[in-house]
1. Please verify whether GLY35 is within 21 Å of ARG151 (Cα to Cα) and part of a loop (DSSP other than H, G, I, E, B), treating the condition exactly as stated.
2. Of all residues being more than 18 Å from HIS101 (Cβ to Cβ) and aliphatic (A, V, I, L, M) in the range 141-183, which is surrounded by the fewest Cβ atoms within 10 Å (Cβ to Cβ)? Just the residue, please.
3. Hey, could you check the range 100-121 for residues that are more than 17 Å from the chain's Cα centre (by Cα) and aliphatic (A, V, I, L, M) and say which is farthest from GLY21 (Cα to Cα)?
4. Search the range 105-135 for residues being among the β-branched types (Val, Ile, Thr) and not in a helix (DSSP H, G or I), and hand back the single one that is nearest to SER220 (Cα to Cα).
5. For THR161, which of the numbered conditions (1) under 18 Å from ALA271 (Cα atoms); (2) within 16 Å of the chain's Cα centre (by Cα); (3) polar (S, T, N, Q) fails to hold?
6. Inside the range 39-52, can you point out the residues that are over 20 Å from the mean Cα position of the chain (by Cα) and surrounded by fewer than 20 Cβ atoms within 10 Å (Cβ to Cβ)?
7. May I ask you to list the residues in the range 204-233 that are closer than 18 Å to LEU191 by Cα and part of a loop (DSSP other than H, G, I, E, B)?
8. Would you confirm whether any residue within the range 185-197 is more than 27 Å from GLN269 (Cα to Cα), exposed (fewer than 15 other Cβ atoms within 10 Å of the Cβ) and not assigned by TED's automatic domain parsing to the domain that holds SER138?
Amino acid sequence: MSLNTAASSPSLPTIAFIGGGNMASAIIGGLIHQGHPAGQIEVVEPYAPTREALLKNFGIAAQPEAGPALQRASIVVWAVKPQTFKDAAAQARAHTANALHLSVAAGIRSDSIAQWLGSERIVRTMPNTPALVGKGMSALYARPAVDAQERAQVEAILASTGEFLWVETEKQLDAVTALSGSGPAYVFYFLEAMTRAGVDMGLSAQQAHRLAVGTFVGASELARRSDEPPAVLRERVTSKGGTTYAALQSMKASGVAAAFEAAMRAAEQRAHELGNEFGA
């Protein structure tokens, strides 16, 4: 029996989360913000401090292990680490036979998930951490057994965290992982470098950080609103012989673009390896 006592609505599905960490919390927070009752959200989370945070932040009494309460969920979100997915599936499988399954675990392919859970109704997604502030970018892949109505249910869940798009082949999710899944870390890496450079050039750390973050936010919004490709937008702020030109020429001479592309290839390869390493 569920310990969550908030009001429920028969018109909304009960959603269960296996794992209650950052990504699960981002989705849960988005759902509750959209009006989904906490009483129709089940969470299985073995780590006590995370369970305490879920209770404090959302009023959800998470369970330390899978049990009969999962049977009322029509959708199960797998927000576990790749290396723990198989064991978690073994514990929950008896209680989730009739559910639609949505996996946010990096690298674990749907063939493995289908084998572990005994179900073909599986959607994989690769979200990213800006979901924590409602600005996430997710890609989705559905196995053939997932129908249009179930796709719409998954879309409603992911819409609470930001934007999403569907990909046609599961293999594309490795590229998505490299681009947008790991992408926020690349942005933070550049922000660190820009802030350090600003401090070295005489700004305070606070000033440099604010200028760097504001620049990324503004440039991203400009790219979002523009119909022109990034190359054209870049050219418009690059006068031959000017300051931006000097910076870009320095990056080109240092092979920054090639190194960055190689880094993304490394992330794609690691996503593929995770599937082999921890899959069925």
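1. In short, yes.
2. LEU165
3. Ranking the candidates gives ALA114 first.
4. THR125
5. With respect to (1) under 18 Å from ALA271 (Cα atoms); (2) within 16 Å of the chain's Cα centre (by Cα); (3) polar (S, T, N, Q), THR161 is out only on (1).
6. GLY39, PRO46, TYR47, ALA48, PRO49, ARG51, GLU52
7. SER204
8. Yes; the residues of the range 185-197 include at least one that is more than 27 Å from GLN269 (Cα to Cα), exposed (fewer than 15 other Cβ atoms within 10 Å of the Cβ) and not assigned by TED's automatic domain parsing to the domain that holds SER138.
The values are calculated or read from the model by the stated rules, or taken from the named source; none is laboratory data. The structure presented is a predicted model; accordingly, all values stated were derived computationally and were not measured. With ideal geometry, Cβ positions are generated from the backbone for all residues, glycine too; neighbour counts draw on all protein chains shown.
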